[in-house]
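Everything below concerns the one structure shown next.
The values are calculated or read from the model by the stated rules, or taken from the named source; none is laboratory data. In this text, all values refer to a predicted model and were calculated from it rather than measured experimentally. Cβ placement follows ideal geometry from the backbone for every residue including glycine, while neighbour counts extend to all protein chains displayed.
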Ligand code: MBD
Ligand code: FE
């Protein structure tokens, strides 16, 4: 078979939209009439104010309308919302947390990745490209207690910036795993360093970025959901010191506490880093 499937915005958007539809939140947002009234009224008032101050024309109004229609057709609402709004939702949700910092989940999480032991290599292809990375640490409670049986759910892009199940040709669970920490909360994950992620340039989000003269990049990152019995789950990401776009993430999701500084492995290939997680009781 000589046909090579290309990663397209519409295909990854459709997969992200489908994934979002499957997602069950533990608390479903209630439809409180007064809350809807307040939030939607204020959102519209902000838009009205922008139209007046900038004297938005009918031509611009029509461009907006056709773009909004196309975002839906491309399945890019999950991408758009997670890149340009989720960081503030997360900021509000996490403002009273004492433990490790969280950040946005983004559109590419898949639950129920293969369960792996406390020391494990993430599922990857033979000869997976990229610098080998040993990512290890300990999960503790805010009072310092090691958390037995903590879970480190990890997913990240490959050396080309692609996520399994959102780009063609990758094994189903490539670079995704649910690592069960040991009885002291320790984990040791062998993987490769991900590459920076570029928002697809052939979809609506890419067209917006080009039209506004922005760049389309997120810094290289590991995604994590860390949890333990009796504690609050934390959704976070970790970045790499000195990496491209760490200071200029299009999704505004970098925090100083989330930047790793791996060091070269003494007697081998690649790098290693230790990073601990502290969970709030919950
Ligand atoms: C990503 O990989 C990501 O993490 C976010 C938040 C948005 C788009 C792509
Ligand atoms: Fe990501």
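Quick one: is residue 200 modelled with pLDDT of 95 or more, in contact with a helix residue (DSSP H, G or I) (Cβ under 8 Å, 6 or more places away or on another chain) and more than 14 Å from ligand 1 (Cβ to nearest atom)? Talk me through it step by step, then tell me what you get.
Values: modelled with pLDDT of 95 or more: yes; in contact with a helix residue (DSSP H, G or I) (Cβ under 8 Å, 6 or more places away or on another chain): yes; more than 14 Å from ligand 1 (Cβ to nearest atom): no.
When the stated conditions are applied, residue 200 does not pass them.
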Restricting segment 1-32 to residues that are within 17 Å of the chain's Cα centre (by Cα) and in a loop (DSSP other than H, G, I, E, B), the one modelled with the lowest pLDDT turns out to be 25
Within segment 87-100, can one find any residue that is at negative phi, within 15 Å of ligand 1 (Cβ to nearest atom) and in contact with a strand residue (DSSP E or B) (Cβ under 7 Å, 6 or more places away or on another chain)?
no
Being under 16 Å from the mean Cα position of the chain (by Cα) and more than 14 Å from ligand 1 (Cβ to nearest atom), is that true of even one residue in segment 129-151?
no
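Out of segment 173-225, which residues are assigned to a loop (DSSP other than H, G, I, E, B), touching a strand residue (DSSP E or B) at 6+ places or on another chain (Cβ under 6 Å) and within 21 Å of residue 8 (Cα to Cα)? I'd like the intermediate steps shown before the answer.
As a first pass, look at segment 173-225 and keep what is assigned to a loop (DSSP other than H, G, I, E, B): 173-175, 181-185, 193-196, 199-203, 213-216, 219-220.
Okay, now just the ones that are also touching a strand residue (DSSP E or B) at 6+ places or on another chain (Cβ under 6 Å), so 174-175, 181, 184-185, 193-194, 196, 216, 219-220.
Answer for segment 173-225, where residues must be assigned to a loop (DSSP other than H, G, I, E, B), touching a strand residue (DSSP E or B) at 6+ places or on another chain (Cβ under 6 Å) and within 21 Å of residue 8 (Cα to Cα): 174, 175, 194, 196, 216, 219, 220.
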Residue check for residue 200: in contact (Cβ under 8 Å) with a residue 12 or more places away in the chain, under 20 Å from the mean Cα position of the chain (by Cα) and within 28 Å of residue 94 (Cβ to Cβ)
no
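This table checks each residue for (1) part of a strand (DSSP E or B); (2) away from ligand 2 (no atom under 14 Å from the Cβ); (3) in contact with a helix residue (DSSP H, G or I) (Cβ under 7 Å, 6 or more places away or on another chain).
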{"residue": "110", "(1), (2), (3)": "no, no, yes"}
{"residue": "123", "(1), (2), (3)": "no, yes, no"}
{"residue": "135", "(1), (2), (3)": "yes, yes, no"}
{"residue": "149", "(1), (2), (3)": "no, yes, no"}
{"residue": "152", "(1), (2), (3)": "yes, yes, no"}
{"residue": "155", "(1), (2), (3)": "yes, no, no"}
{"residue": "158", "(1), (2), (3)": "no, no, no"}
{"residue": "162", "(1), (2), (3)": "no, no, no"}
Looking only at segment 245-282, which residues are within 16 Å of ligand 2 (Cβ to nearest atom) and in contact with a strand residue (DSSP E or B) (Cβ under 7 Å, 6 or more places away or on another chain)?
245, 246, 249, 250, 251, 253, 254, 258, 259, 260
Check segment 96-104 and report whether any residue there is surrounded by 18 or more Cβ atoms within 10 Å (Cβ to Cβ) and farther than 17 Å from residue 221 by Cα.
yes
